[in-house]
Amino acid sequence: MDLKDALPINKWGKNIKKPFVIAGPCSAETPEQLLSTALELKKLNVDALRAGIWKPRTRPNGFEGMGIEALKWVKDVKAESGLPFATEVGSALHVEVALKYGCDILWIGARTTVNPFSVQEIADSLKGVDIPVLVKNPMNPDINLWIGALERIHNAGISKVGAIHRGFSSFEKTKFRNTPNWQIPFELKRQFPDLALLCDPSHIGGTRDLIFDISQRALDFDYDGLIIESHINPDEAWSDASQQVTPARLAEILSELKYKTESSDNVEFISQLEQLRNKINNIDKDLIDTLAQRMIISEKIGEYKKVNSVTTYQNDRWIEIFNTRKEWARKLNVSEEFVADIFKLVHEESVRKQEEIINNEITKA
């Protein structure tokens, strides 16, 4: 099966619309906590209730979920709230008991996505099942691991398969718990335009103060939905307390978000947009032409270095490029970080071409 044939989210069932909102506590802790949260979330018209039944922890001796005991509460909570229930699964056994107790949506967590053996085991256990199954991005920024996990689930016959962007682990200290690396989900959506894509601002941000801004950005990027952690008393939560919001705060977040359409019927707008896009097309052609000319010069430099037995990488020259281009960017009011990232790639390609010449890995006609 081709992942491009996965059903878009608006075809998952009746009355499903964007943004599809899944909300609920990080963990199901007690019957009372789960039910009271669910009843408050029902008032917000969220689409599904989420709660962790099994909690994979980085280190032992932490709260690892209530397990099957919590699943026994799901039937009553669903009956009283009327909300579908979503939870994470990490093994075939999890799938079996989650389905037995009436879970409506399953997702595979980031720690599981990194292991193709575990994903395949889950996929095999899902054959013959017709419910939405979501796959979180792997902890490390590897799009092929993410795509591979989605393909395994889809190949098991799951047509309602979707992706959850929850950010990526990084050694660098940033304001995020997991860095967004937005370009990775963008590339996923480019390859599979109809694939449902949800954002998990709770795990990206790691603190409740960042949830609104991350959610708004995801909607600006045309994500299909959000999965947000909400707890009746988040400060007393047994896991990930700092990234959960009360149902009341979630109501504020959802009401303040601005929902934008993908297109407009305004003729003047469309005309102006098309003119501006044509200008961008022309500029992009000039950019590529300039890059091609730069690479030709880099090759000539490589030939000169080869004749004179000079090393490819020249640290002083790279420092000069790195600093001066950032200074040029600053004077033109262009992001220095953006320009630095671009020239890192340009420099890497220039060095690669010169190494090919010096090592005789290419021949010229």
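The values are calculated or read from the model by the stated rules, or taken from the named source; none is laboratory data. As the structure is a computational prediction, the values presented were derived from the model and not from experiment. Neighbour counts are summed over all protein chains in view; Cβ atoms, including those assigned to glycine, are modelled from backbone coordinates with ideal geometry.
Give the residue, chosen from S242, S271, S230, S202, that is in the same structural domain as L39 (by TED's automatic domain parsing), among the hydroxyl-bearing types (S, T, Y) and surrounded by fewer than 21 Cβ atoms within 10 Å (Cβ to Cβ).
When all the criteria are applied, what remains is S242.
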Set D284, D289: member being in the same structural domain as S350 (by TED's automatic domain parsing), surrounded by fewer than 12 Cβ atoms within 10 Å (Cβ to Cβ), modelled with pLDDT of 85 or more and farther than 30 Å from A218 by Cα: D289
Taking region 196-229 as the search range and keeping residues that are in a strand (DSSP E or B) and not small (G, A, S), which one is farthest from the chain's Cα centre (by Cα)? E229
Provide a single number: the residues in region 336-359 that are among the polar types (S, T, N, Q) and either part of a helix (DSSP H, G or I) or under 21 Å from A292 (Cα atoms) (or both). 2
Residue list for region 293-335, filter: of a type in the set (S, T, Y), assigned to a helix (DSSP H, G or I) and either at pLDDT below 90 or under 13 Å from S350 (Cβ atoms) (or both): S298, Y304
Please work out if D235 is over 30 Å from L7 (Cβ atoms), more than 19 Å from the chain's Cα centre (by Cα) and in the same structural domain as P31 (by TED's automatic domain parsing). yes
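Results for (1) of a type in the set (D, E, K, R); (2) part of a loop (DSSP other than H, G, I, E, B); (3) under 18 Å from A6 (Cα atoms), shown as yes or no for each residue.
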{"site": "L99", "(1), (2), (3)": "no, no, no"}
{"site": "T112", "(1), (2), (3)": "no, no, no"}
{"site": "G128", "(1), (2), (3)": "no, yes, yes"}
{"site": "P138", "(1), (2), (3)": "no, yes, no"}
{"site": "W146", "(1), (2), (3)": "no, no, yes"}
{"site": "I158", "(1), (2), (3)": "no, yes, yes"}
{"site": "S170", "(1), (2), (3)": "no, yes, no"}
{"site": "R177", "(1), (2), (3)": "yes, yes, no"}
For region 127-153, name all the residues that are buried (at least 16 other Cβ atoms within 10 Å of the Cβ) and within 16 Å of T87 (Cβ to Cβ). I131, P132, V133, L134, V135, K136, I153
How about region 74-97: which of its residues are charged (D, E, K, R) and part of a helix (DSSP H, G or I)? K75, D76, K78, E80, E96
Does region 48-66 hold any residues that are surrounded by fewer than 20 Cβ atoms within 10 Å (Cβ to Cβ) and at pLDDT 95 or above, and which are they? A48
For residues in region 88-126 being closer than 15 Å to W54 by Cα and of a type in the set (D, E, K, R), which is surrounded by the most Cβ atoms within 10 Å (Cβ to Cβ)? E88
Boolean, G24 is at positive phi and under 22 Å from the mean Cα position of the chain (by Cα): yes
Test set (1) part of a loop (DSSP other than H, G, I, E, B); (2) free of Cβ contacts under 8 Å to residues at least 40 places away in the same chain; (3) under 24 Å from G225 (Cα atoms) - L44 fails condition number: (2)
Selection status of P185, free of Cβ contacts under 8 Å to residues at least 40 places away in the same chain and surrounded by 20 or more Cβ atoms within 10 Å (Cβ to Cβ): no
Could you grab me the full set of residues in region 14-29 that are in contact (Cβ under 8 Å) with a residue 12 or more places away in the chain and assigned to a loop (DSSP other than H, G, I, E, B)? I16, K18, P19, P25, C26, A28, E29
